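The values are calculated or read from the model by the stated rules, or taken from the named source; none is laboratory data. Please read all numbers here as calculations on a predicted model, not as lab measurements. Here the Cβ is made from the backbone with ideal geometry for all residues, glycine too, and neighbour counts use every protein chain on show.
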Amino acid sequence: MRSKFLLGLLYCSFALSFAQEGKVTNHIYEGNEDVQKEAYIKAEKSYRKALSLAPEKATALYNLGNTHFLDKKYDEASQRFFQTQKFASSKEDKHKAFHNMGNVYMQKKEYQKAVEAYKNALRNNPSDEETRYNYALAKELLEKEKPPEEQEQDDKKDQQDKDQEDEKEKDQDEEGDKENKDEQDKEKEGDQGEESKDDGEPKKEGDQKKDQKPKEGENKPEEKKQPPRQGQLSPQQVQSLLDAMNNQEKKVQDKVNAKKVKGVPVRGKKDW
């Protein structure tokens with residue numbers, strides 16, 4: 001009788017456990033369906049129902065962590081993945097938990113923690129290429145990352161270099177302007193030197209007038225004719241009068257000479 005009673009208790013306990021396991025599985029299934037619909041809040045409720053029945057259920061913990069990750073709740077996601085690797089019974093489940101934990105730290109830019117998470121994932125599955133790639137990327141980002149103090153110093157140095165470069169360009173511009181001004185002054189002095197004598201002394205007024213005379217072969221400037229004043233003969237009129245007087249005088253002289261010729265007796269030949 002006693003043995004049969006114990007057998008009956010074991011059977012009831014197994015039946016209850018089986019029924020409870022079915023409920024856990026149903027809640028996980030419902031949560032997976034909600035995740036596909038991007039209904040993350042409903043999915044979270046379904047996974048929590050499953051965990052309320054089986055707090056150490058690795059599948060429910062892992063799926064709840066993925067839901068938090070998709071909903072960008074990174075702190076909660078890292079807690080769920082940590083719990084997953086703790087209660088996981090296989091290396092493959094541990095590997096997936098550490099891998100996703102590394103992804104959370106990458107999103108938070110905590111590269112040192114990401115490196116450690118990926119390293120633990122590779123310990124459980126050394127052949128996973130995706131984990132190996134993420135591990136290398138996390139290490140590279142960690143090496144490039146600098147403390148805030150160093151970054152601030154670099155920023156100050158960059159600003160100083162920029163200021164020095166700007167100052168240098170400003171000096172070069174000023175020097176170029178000065179050279180252009182000196183060149184213009186030299187050209188101006190050269191033009192003034194051409195107007196001076198060879199000894200450097202300025203030319204006299206007579207020399208300047210002399211230089212202003214047209215060179216040989218050049219056209220002389222046209223002389224302006226001064227208009228005759230009122231009551232005064234012009235040079236052309238004076239010349240015409242002189243010419244007329246000369247002509248008149250010549251006529252008179254010709255007449256006088258003609259009369260002299262006529263008045264002179266012609267000597268005849270003697271009759272011998």
If M101 satisfies every condition in (1) farther than 30 Å from E140 by Cβ; (2) buried (at least 17 other Cβ atoms within 10 Å of the Cβ); (3) at pLDDT 90 or above; (4) not polar (S, T, N, Q) but one, which is the exception?
(1)
Could we say that Q79 is touching a Lys or Arg at 6+ places or on another chain (Cβ under 9 Å) and farther than 15 Å from T25 by Cβ here?
no
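Which of the helices (runs of 4 or more DSSP H) found entirely inside the range 74-145 contain at least 3 residues meeting this: closer than 24 Å to T59 by Cβ and more than 45 Å from the chain's Cα centre (by Cα)?
Counting at least 3 such residues, we get 74-87, 91-107, 111-124.
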Mind listing whichever residues of the range 1-53 are modelled with pLDDT of 90 or more, among the aliphatic types (A, V, I, L, M) and outside any helix (DSSP H, G or I)?
A39
Index of the failed condition, K57 passing every other in (1) among the charged types (D, E, K, R); (2) surrounded by fewer than 17 Cβ atoms within 10 Å (Cβ to Cβ); (3) more than 50 Å from the chain's Cα centre (by Cα)
(2)
